[in-house]
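**Q** Just dropping this structure here.
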């Protein structure tokens, strides 16, 4: 793992557990979550109507689209309702007070 691949996107003070934080990294809009002691980052657009997933409800390892309720697994990006419409996941971590993301090139 090359630590230079990680980009600082926010500070710990900006995150509320189980609430999404919208960030922009290299021109991509992502949603960052701290859920059950783990960090997650996903593309911040529901594949259905491009609604920001960062505004969705986060529970039980999933985030739901605030517009139509599609749910996405925070770890895998899989969509429960429409399996052929996943969101891209990215590696997320906290280092000191920094929240860092490593973009998935998919």
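The values are calculated or read from the model by the stated rules, or taken from the named source; none is laboratory data. From a predicted model like this one, the values you see are computed outputs, not experimental measurements. All Cβ positions, glycine included, derive from the backbone under ideal geometry; neighbour counts span all protein chains shown.
**Q** Being part of a loop (DSSP other than H, G, I, E, B), closer than 15 Å to residue 29 by Cβ and in contact (Cβ under 8 Å) with a residue 24 or more places away in the chain narrows it down to one residue among 63, 87; which is it?
**A** 87
**Q** Looking at (1) closer than 17 Å to residue 86 by Cα; (2) in contact with a strand residue (DSSP E or B) (Cβ under 9 Å, 6 or more places away or on another chain), which is the only condition residue 11 fails?
**A** Here residue 11 clears every test but (1).
**Q** Taking residue 22, is it under 28 Å from residue 96 (Cβ atoms), modelled with pLDDT of 95 or more and touching a helix residue (DSSP H, G or I) at 6+ places or on another chain (Cβ under 6 Å)?
**A** yes
**Q** Given (1) at pLDDT 95 or above; (2) surrounded by fewer than 19 Cβ atoms within 10 Å (Cβ to Cβ); (3) not in a strand (DSSP E or B), where does residue 81 come up short, assuming only one miss?
**A** (1)
**Q** Does region 95-103 include one or more residues that are under 10 Å from the mean Cα position of the chain (by Cα), modelled with pLDDT of 95 or more, closer than 20 Å to residue 36 by Cβ and surrounded by 20 or more Cβ atoms within 10 Å (Cβ to Cβ)?
**A** Scanning region 95-103, I find at least one residue that is under 10 Å from the mean Cα position of the chain (by Cα), modelled with pLDDT of 95 or more, closer than 20 Å to residue 36 by Cβ and surrounded by 20 or more Cβ atoms within 10 Å (Cβ to Cβ), so the answer is yes.
**Q** Quick one: in region 52-78, which of the residues that are surrounded by 14 or more Cβ atoms within 10 Å (Cβ to Cβ) and over 20 Å from residue 15 (Cα atoms) is nearest to the chain's Cα centre (by Cα)?
**A** 77
**Q** Continuing with the same structure: I'm told residue 28 meets every condition in (1) touching a strand residue (DSSP E or B) at 6+ places or on another chain (Cβ under 8 Å); (2) more than 21 Å from residue 78 (Cβ to Cβ); (3) touching a residue at least 60 places away in the same chain (Cβ under 8 Å) except one. Can you identify the failing condition by its number?
**A** All conditions are met except number (2).
**Q** Here is a follow-up. Please count how many residues of region 25-51 are under 13 Å from the mean Cα position of the chain (by Cα), closer than 22 Å to residue 97 by Cα and modelled with pLDDT under 95.
**A** Of the residues in that region, 1 qualify.
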